[in-house]
Structure formats: C-alpha cells, structure tokens
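The values are calculated or read from the model by the stated rules, or taken from the named source; none is laboratory data. Please read these numbers as outputs of a predicted model, since none were measured by experiment. In this analysis, Cβ positions are derived from the backbone assuming ideal geometry, glycine residues included, and neighbour counts consider all displayed protein chains.
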Amino acid sequence: MKAWRNRFKRTCSWLIILLACMLAISACGSISVKVPEEIDMGSTEEHSHLEHGSQSAADANAVSCADLTEPASTGPVRTFDLTAAAASLELNNGKERKAWTFNGTTPGPELRVREGDRVVVNLLNKDIEKGVTIHWHGVVLPCSQDGVPGVTQDAVWPGERFTYEFIARHPGTYWYHSHQQSSEQAEKGLIGRLIVEPKEETFHYDRDYAVTLQKLNDKDVLTNGLSGGLQLDAKPGETIRLRLINAYNLVQWMGIAGTDFQVISIDGQDLNEPDKLRGEWIPIGGGQRYDVLFTMPNQGQVQVYSKKVSGWKITLGEGQAPKKLDNDAPVFDFTDYGAPKADGISPDMKFDRTYDLVLGPVNINGKSGHHIPPIMVKEGEWIKVRFEHQLGSEHPMHLHGHLFKVLTKNGKPLTGSPIYADSILLFKGDVYEIAFQANNPGLWMEHCHNLGHAAAGMTMMVNYEGVKTPYRVGTKSGNIPD
Ligand SMILES: [Cu+2]
C-alpha cells in the first residue's frame with residue numbers, strides 16, 4: 001500500500017513538472033520581443049535607440065523610402081477600395097465570430113488584375129484601433145508601397161486613409177495582409193488574395209481557382225472563408241489551375257487525390273517544364289503559394305486536402321470520392337523537379353556579398369528583432385544568403401521587395417527548373433543558399449512568416465546603402481511591424 005502511495009506521489013510530481021514545462025513553453029511562444037520606444041530601421045548597424053543617434057539620419061544625401069514611388073505609366077489602371085473594419089461574422093456553419101475584415105469579409109475581396117496593370121488600392125481604416133497597413137506579399141514594388149509600419153509608412157489609424165499604387169509586373173498568385181502587428185491582425189482576418197493574370201499563358205487551363213487556407217482567430221479552419229471545406233465546379237476532362245495560398249502560420253501538407261498533377265508555380269513564379277506527379281504531399285509553408293494544374297478524370301471527384309487539418313478540403317467535380325494518399329506517401333521535392341533553364345545565376349558565380357543566417361527557435365544568429373544587424377546591400381550587387389536551420393519548428397523565411405533564386409539545398413545545387421520565390425521553407429537541419437540582385441532600392445523586411453515567430457523577434461532588415469526612412473518603429477509612433 002505504502003509503495004503504491006509513493007509511486008502515486010512520484011507520478012504526480014512528474015506530471016506537475018511536465019505541466020509546468022508545457023506552460024512555460026507555450027508562454028514563450030506568445031511572448032513578443034520587447035518593443036522599444038523608438039527605433040530607426042534604416043540605420044546600418046544593429047538598430048539602436050534614437051537617443052544614441054542613427055547613422056542613416058547622418059547621411060544627408062540619402063534618399064527617403066517615402067520618395068521611392070511608382071513612376072507615372074500609361075498602361076491600364078485598376079482601382080480598388082478596401083475598408084478595414086471590425087465585424088461580427090456569421091460563418092456558414094451558423095457560428096458567430098468576431099473578425100477584422102476587409103470590406104466586411106475575411107478573406108477580403110480577391111483582387112484580380114492583369115500583368116502590367118497599374119494597381120491603385122484606397123485603404124480606409126474604419127475602426128481598427130491598433131492601426132492597419134497592407135503589405136502586398138510577394139509583389140516586387142517600390143519601397144513606399146510595401147506596407148510596413150514604421151519602415152515604409154505610418155500605420156493607418158481609425159478614420160485615416162492610405163492609397164497604394166504599384167504596377168503588377170510579375171504575373172502570379174499573391175496575397176495581401178496587414179503588416180501592423182501582423183501576427184494578431186492576419187489571424188483576426190485582415191488578409192486577401194491578389195491574382196495577377198499573365199498577358200500570355202504559359203500553361204493552358206479551362207478554369208482558374210484561387211483558394212485561401214486560413215485559421216480565423218487561430219480557431220476556425222476556413223477555406224475561402226467557408227467552414228467545412230469548399231466545393232468547386234469542374235467537368236470531366238477539364239483542366240484546372242488551382243492556386244493554393246497558405247495564409248496560416250504553420251506548414252500544410254497538401255495532398256491531391258484522384259488525378260495526376262503538375263506543380264506549375266511556386267510563390268507566383270512559373271516553373272520550367274514541370275513533370276507530372278501522382279500521390280505526393282506538397283509542403284506549403286506559411287505565406288507560400290503553390291499553383292497546381294490537373295485534368296479532371298472521366299469519372300469521380302478530385303480532392304485537394306491538408307494531411308493534418310481536416311477542414312482544409314477542396315472537392316472538385318461530382319461522383320465518387322477518390323482514394324486518399326497514404327500518410328507516408330513521398331513528399332514533393334522542388335530541387336530536382338522540371339527542366340533546367342540557364343539564367344546566368346548559379347552557386348559558383350561571383351557574389352558581391354555573402355551573409356550567413358543561422359536560425360534558432362525564434363531568433364537569427366542568436367539575436368532578436370532590432371538587435372539583428374541588417375543585411376546591407378548596394379544597388380546592382382549580387383547577394384548570396386545562406387540559411388541554416390538548427391533548432392525549432394519549421395521557418396518559412398520571407399524576403400520583401402525581391403524575388404530570389406534558390407541555389408542549393410544541403411550543399412547540392414538544384415538540378416531541375418529554376419526556383420524563384422519570395423519565401424524559403426526550412427525544416428530543422430535544412431541548409432539553403434539563395435541569391436538575389438539588389439535591384440529595388442529600399443528598406444526591406446526579411447522575416448519568418450510563422451508570424452508568431454516574427455512577433456517573437458525572428459525579423460530583420462535588408463537595407464540599401466543611401467536609403468533612409470522618416471518613419472519610426474516603436475511604442476512612441478505605435479508602428480509595430482511584426
Ligand atoms: Cu519561424
């Protein structure tokens with residue numbers, strides 16, 4: 001009896017220790033890096049508090065990010081109005097949910113434009129007390145239009161407006177979201193899709209669907225705003241382009257059942273001669289987009305679905321459901337997919353600067369947030385960045401304002417289609433090298449798109465020499481761009 005009681009006591013104390021550890025870990029995940037009163041993200045060193053002086057302010061010849069705007073153009077103009085507002089939404093499952101919306105919905109309206117269009121978006125913040133901005137995720141645009149509060153603009157406060165204006169130069173699948181306290185605001189619903197249709201189709205398709213995966217308030221699993229999955233029209237024999245947008249923080253392993261498919265685009269950028277695949281899981285990191293192309297079978301449905309989250313399910317066509325993928329089916333690997341195409345960018349070319357970034361659970365090179373020195377670049381230079389993921393869960397590292405090319409994975413050059421992207425998804429143990437040309441002067445964020453990681457400090461800058469900002473991050477201005 002006594003022995004039993006002792007064992008019971010021991011078990012209990014272990015359980016208590018375990019519980020305490022779990023609580024500590026979960027608390028860590030939600031702690032944000034302490035936001036200082038005022039910092040200049042355009043400085044060239046570790047971003048110091050302003051009372052210690054700022055280097056960029058000393059550079060009298062520096063150009064301001066605010067002055068880097070889209071030059072006048074003569075092409076077509078597409079104008080949209082987006083109003084950010086708090087709302088109470090009734091989901092299609094009858095549940096009432098509080099959300100922050102663009103034009104009353106989450107995701108906000110799908111903006112569809114054509115390559116070369118000048119896109120004008122009039123943002124009005126109706127009543128989001130914490131302020132909002134719109135970041136055009138993956139779009140290469142001028143610094144002043146990037147939507148990063150405290151870097152490229154001030155947050156837009158209730159009753160205020162801001163107009164974004166940029167030319168949609170690269171066709172593809174993109175999305176937009178508030179970059180003010182984005183870990184909170186994207187989760188609460190301030191997101192939407194931006195589709196740039198190509199002037200000339202690389203691939204032929206009969207139907208073009210875009211689908212946003214989202215977890216509203218980190219709770220409701222929504223597919224294009226719907227709970228319980230999405231049903232899309234498709235007839236036997238039709239070719240479908242399906243644009244998958246992961247607006248959630250964690251990687252989603254997406255399966256396609258019932259047909260062969262091709263991955264035709266990653267982060268909006270077309271792949272060269274993509275092979276046909278069947279029965280592979282596609283890992284889509286937070287913020288990433290994968291476009292897949294497939295032909296509907298003569299009979300039955302096609303299903304596209306997440307391996308782990310049952311609500312993220314897209315059903316196309318009518319009839320019998322297809323057989324699902326095995327959990328241990330192979331994983332799509334872009335490093336040897338499709339056909340190579342020379343573009344002059346290779347691992348053995350000469351780079352002007354090389355940076356090593358070692359990723360921890362929520363830090364970069366052992367530092368956090370404004371303590372991480374920026375990557376400094378000069379216009380025209382070729383930059384190589386080596387990411388090494390040593391510890392923690394997966395990190396989808398996202399670069400603003402540029403497309404980069406993936407050079408190597410774990411030391412091996414890519415052998416298939418060139419991969420151009422704005423994010424690279426790293427799992428623990430992965431090492432990737434990427435290259436980009438510094439061809440878009442500005443001050444650009446480089447951060448993890450698990451936005452909880454970004455809020456915890458996994459965010460840094462890529463700063464051009466000779467560019468400064470009049471805006472400030474910190475509690476004084478209220479600009480908090482995680
Ligand atoms: Cu991360």
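Could you figure out which of (1) over 24 Å from Val196 (Cα atoms); (2) in a loop (DSSP other than H, G, I, E, B) isn't true of Gly255? Here Gly255 meets the rest and fails (2).
Residue by residue, here is whether (1) of a type in the set (Lys, Arg); (2) within 17 Å of the chain's Cα centre (by Cα) holds:
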{"position": "Ser183", "(1), (2)": "no, yes"}
{"position": "Glu187", "(1), (2)": "no, yes"}
{"position": "Leu194", "(1), (2)": "no, yes"}
{"position": "Lys215", "(1), (2)": "yes, yes"}
{"position": "Leu242", "(1), (2)": "no, no"}
{"position": "Ala247", "(1), (2)": "no, yes"}
{"position": "Met254", "(1), (2)": "no, yes"}
{"position": "Leu277", "(1), (2)": "no, no"}
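Report, by residue number, each residue of segment 273-298 that is closer than 21 Å to Leu232 by Cα, touching a Pro at 6+ places or on another chain (Cβ under 7 Å) and among the polar types (S, T, N, Q). The answer is Asn298, and nothing else.
Yes or no, residue by residue, for (1) without any contact (Cβ under 8 Å) to a residue 40 or more places away in the chain; (2) outside the structural domain of Arg289 (by TED's automatic domain parsing); (3) outside any strand (DSSP E or B):
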position: Pro158; (1), (2), (3): yes, yes, yes
position: His170; (1), (2), (3): no, yes, yes
position: His179; (1), (2), (3): no, yes, yes
position: Glu187; (1), (2), (3): no, yes, yes
position: Leu213; (1), (2), (3): no, yes, no
position: Arg241; (1), (2), (3): no, no, no
position: Ile245; (1), (2), (3): no, no, no
position: Ser265; (1), (2), (3): no, no, no
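Considering segment 438-463, and only residues there that are touching a strand residue (DSSP E or B) at 6+ places or on another chain (Cβ under 8 Å) and among the aliphatic types (A, V, I, L, M), the residue that is farthest from the ligand (Cβ to nearest atom) turns out to be Ala438.
Residues Gly116, Gly138: which one is among the small types (Gly, Ala, Ser) and crowded, with 24+ Cβ neighbours inside 10 Å? If you could, list the steps in order and put the result at the bottom.
On the way: Gly116 fails: crowded, with 24+ Cβ neighbours inside 10 Å.
None of the other options fit; the residue is Gly138.
The residue of segment 342-361 that is farthest from the ligand (Cβ to nearest atom), among those that are touching an Asp or Glu at 6+ places or on another chain (Cβ under 8 Å) and part of a strand (DSSP E or B), is Arg353.
Taking segment 316-360 as the range and being surrounded by fewer than 11 Cβ atoms within 10 Å (Cβ to Cβ) and at positive phi as the test, only Gly344 passes. Looking for whichever is among the charged types (D, E, K, R) and without any contact (Cβ under 8 Å) to a residue 40 or more places away in the chain here; the options are Asp154, Asp218. Which one fits? Just one listed residue meets the conditions, Asp218. Just one of the numbered conditions (1) away from the ligand (no atom under 16 Å from the Cβ); (2) over 18 Å from Asp356 (Cβ atoms); (3) not in a loop (DSSP other than H, G, I, E, B) is not true of Glu433: (2). Checked against (1) free of Cβ contacts under 8 Å to residues at least 60 places away in the same chain; (2) more than 16 Å from the ligand (Cβ to nearest atom); (3) among the charged types (D, E, K, R); (4) farther than 22 Å from Lys341 by Cβ, Lys384 meets all criteria but (4). Total residues in segment 368-417 satisfying the condition of being in a loop (DSSP other than H, G, I, E, B), under 19 Å from Gly442 (Cα atoms) and among the aliphatic types (A, V, I, L, M): the figure is 2.
Within segment 390-423, the set of residues being over 19 Å from Leu141 (Cβ atoms), without any contact (Cβ under 8 Å) to a residue 60 or more places away in the chain and either more than 16 Å from the ligand (Cβ to nearest atom) or crowded, with 23+ Cβ neighbours inside 10 Å (or both) comprises Met397, Asn410, Gly411.
Residue by residue, here is whether (1) crowded, with 19+ Cβ neighbours inside 10 Å; (2) within 18 Å of Gln185 (Cα to Cα) holds:
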site: Gly429; (1), (2): no, no
site: Trp444; (1), (2): yes, no
site: Tyr471; (1), (2): yes, no
site: Pro481; (1), (2): yes, yes
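Looking only at residues of segment 283-301 that are closer than 22 Å to Ala247 by Cβ and more than 16 Å from the chain's Cα centre (by Cα), we find that the one that is farthest from the ligand (Cβ to nearest atom) is Leu293.
For Ala27, indicate whether it is farther than 30 Å from Gly228 by Cβ and modelled with pLDDT under 55. Steps first, answer last, please.
Numbers: farther than 30 Å from Gly228 by Cβ: yes; modelled with pLDDT under 55: yes.
So Ala27 fits the description; yes.
Filtered by the rule that a residue be surrounded by fewer than 15 Cβ atoms within 10 Å (Cβ to Cβ) and hydroxyl-bearing (Ser, Thr, Tyr), segment 75-104 gives Thr79, Ser88.
Restrict the check to segment 341-358 and report whether at least one residue is in contact with a Ser or Thr (Cβ under 9 Å, 6 or more places away or on another chain) and more than 29 Å from Met445 (Cβ to Cβ).
From segment 341-358, those in contact with a Ser or Thr (Cβ under 9 Å, 6 or more places away or on another chain) are 341, 347; that's our starting set.
Then keep just the ones that are more than 29 Å from Met445 (Cβ to Cβ); that gives 341.
Yes: one or more hits.
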